[in-house]
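Taking it in order: structure first as structure tokens, then the write-up.
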Amino acid sequence: MTANAQNRAAVVVAVDLSDIRKSWGWFLALGIVQIIVGTLAVGFVFSSTLASVVILGVLLLIAAGAQMALAMLARDWDGFYLFLLLGFLYGVAGFLTLQYPLLAAEGLTLMLAALLLVVGLFRIAVALLGHFPSWGWVLFNGVVTLLLGLAIWQQWPASGLWVVGMLVGIELIVNGVTWSVLAVGVRTGLSRLTGRGGNDECESGPVA
């Protein structure tokens, strides 16, 4: 790649990053808020579990309303009754979730434990049968996933009181750190890029 082509690419990237940089503060604020909320969720796992289940129930009711509305708008369609049935099931699931949040949390935890067990066994089988490059890491990942599923299953139903809230809190913390690092990286990366681009332009002359 020639010097002019490199300078042009640097200018294009700098312009794109400049647009993102204008909102880097919002990204950082979003990351910090998520870290704080995630930390509170981990610190109060029972409350965060109930809150997560209640939000899920509300979302199910909203989905039920949207599904039924869509079914009514497409009454002449062959899938009318299927859409109506799905909306009804969403509504029942949302109502039961809000009516019995603890039982819903226990049910979600049990399904999560079963999922982790299946995924862990699948990864172990793929690693042992495949012997592809870095298969040992896949085997390790599968063993950890399997053990996590077993731990949650063995502590069930007591684990239903904290697993959902713990996972939501961890997800919020990780996502918040990601957004914060991205915001700082965009800000510092643009400064370096524009500084380097300016030096190249002074040395090579203006871009044609």
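The values are calculated or read from the model by the stated rules, or taken from the named source; none is laboratory data. Being a predicted model, the structure only gives us computed values, none of them experimental. With ideal geometry, Cβ positions are generated from the backbone for all residues, glycine too; neighbour counts draw on all protein chains shown.
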Here is a list: Leu139, Leu96, Leu108, Leu116. Which entry is buried (at least 17 other Cβ atoms within 10 Å of the Cβ), more than 24 Å from Phe44 (Cβ to Cβ), in contact with a Leu (Cβ under 9 Å, 6 or more places away or on another chain) and not basic (Lys, Arg)? Leu139
Of everything in region 119-131, what is surrounded by fewer than 14 Cβ atoms within 10 Å (Cβ to Cβ) and assigned to a helix (DSSP H, G or I)? Give them in sequence order. Phe122, Ala125, Leu128, Leu129, Gly130
Being modelled with pLDDT under 85, part of a helix (DSSP H, G or I) and either closer than 26 Å to Leu172 by Cα or aromatic (Phe, Trp, Tyr) (or both), is that true of even one residue in region 82-102? yes
Considering region 63-81 alone, what residues qualify as being exposed (fewer than 13 other Cβ atoms within 10 Å of the Cβ) and assigned to a helix (DSSP H, G or I)? Ala66, Ala69, Met72, Leu73, Tyr81
